[in-house]
1. Can you tell me how many residues in the stretch 56-98 are assigned to a helix (DSSP H, G or I), under 30 Å from M207 (Cα atoms) and among the hydroxyl-bearing types (S, T, Y)?
2. What are the residues in the stretch 161-187 that are assigned to a loop (DSSP other than H, G, I, E, B) and open to solvent by less than 60 Å² (accessible area, probe 1.4 Å), if any?
3. Checking the condition in contact with a helix residue (DSSP H, G or I) (Cβ under 9 Å, 6 or more places away or on another chain), exposed (fewer than 14 other Cβ atoms within 10 Å of the Cβ) and within 27 Å of L29 (Cβ to Cβ), which residue from R115, R206, R119, R125 passes?
4. Which count do you get for residues in the stretch 2-25 that are open to solvent by less than 40 Å² (accessible area, probe 1.4 Å), closer than 29 Å to D109 by Cβ and either part of a helix (DSSP H, G or I) or at pLDDT 95 or above (or both)?
5. Could you please give the count of residues in the stretch 14-26 that are closer than 15 Å to W71 by Cβ and without any contact (Cβ under 8 Å) to a residue 12 or more places away in the chain?
6. Could you run through the stretch 188-198 and say how many residues are open to solvent by 30 Å² or more (accessible area, probe 1.4 Å) and within 13 Å of F97 (Cβ to Cβ)?
7. Those residues that are open to solvent by 30 Å² or more (accessible area, probe 1.4 Å) and not in a helix (DSSP H, G or I), I need them from the stretch 99-112; list them, please.
8. When you scan the stretch 84-143, how many residues do you find that are touching a Gly at 6+ places or on another chain (Cβ under 7 Å), over 20 Å from E61 (Cα atoms) and aliphatic (A, V, I, L, M)?
Amino acid sequence: MELVSKKNRSEKEATLQRQDWIVAGLTVLLDEGVEAVQIARLARELKVTRGSFYWHFEKREDLLSALLDEWSARNTGKMVEILEEAQSLEQGILELFFIWVDHTHFNPDLDQAVRDWGRFDPAVREIFSGEDDDRIEAIARFLRGQGFEEKEAFVRARIIYFTQVSYFALRVSETIEERVGYLSAYFLSFTGREINAGTAERFRQRMLKWAQETS
């Protein structure tokens, strides 16, 4: 029985990928914080030996760095991508609204876990501050491309971003129906422009359909 167990463990270690360790690390980070992200703990979770870790990383700090890279790619990267691809003001703002609701594209709990990490690690706090700046600049750059003057674009980008960060931090509770009911008012407040009624209605229906499909 012990031989079978060792054989199965050995086979798993041989097929385990670097990304498996990163995913396991992110799960623990989200659930318990960075102090719980320990090699021995993750090895138990993955049912492999500690030695398996060193096939992919030299030390724990390398895994922690990989977690930060993954967080940046997931949360900041998607924001930058959708704004760079947007062909109109309405498309960009609405797609931004959507990824902030669809947490498969932007994970606010992961953001909070990294912010908490940064409270005790100045280097991580500096990294997060840089990510905040990059996100604001991505929104401001998009707004400049839509004809907003530089200073106005920057201020509006801050308002858009800080409003959403506060929304997550305060864990505002409302139904998707309530949230999309504020769509036109939010758009006007954020951009100073009226959204096309037809565009707004199509987006509301898209959001309601998405909510129904994912509930």
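1. Matching residues across the stretch 56-98 total 2.
2. Correct list: E174 only.
3. The match here is R119.
4. 4
5. 2
6. Going through the stretch 188-198 one residue at a time, the tally reaches 1.
7. Within the stretch 99-112, the first condition is being open to solvent by 30 Å² or more (accessible area, probe 1.4 Å), and the residues that meet it are 103-105, 107, 109, 112.
Across the stretch 99-112, the qualifying residues are H103, T104, H105, N107.
8. 1
The values are calculated or read from the model by the stated rules, or taken from the named source; none is laboratory data. Values in this document were obtained by computation on a predicted structure and should not be read as measured data. Note: ideal-geometry Cβ built from the backbone for every residue, glycine included; neighbour counts use all protein chains shown. Each accessible area value is taken on the protein alone, full model and side chains, heavy atoms only, with ligands, DNA and RNA left out. Shrake-Rupley method; radii C 1.70, N 1.55, O 1.52, S 1.80 Å.
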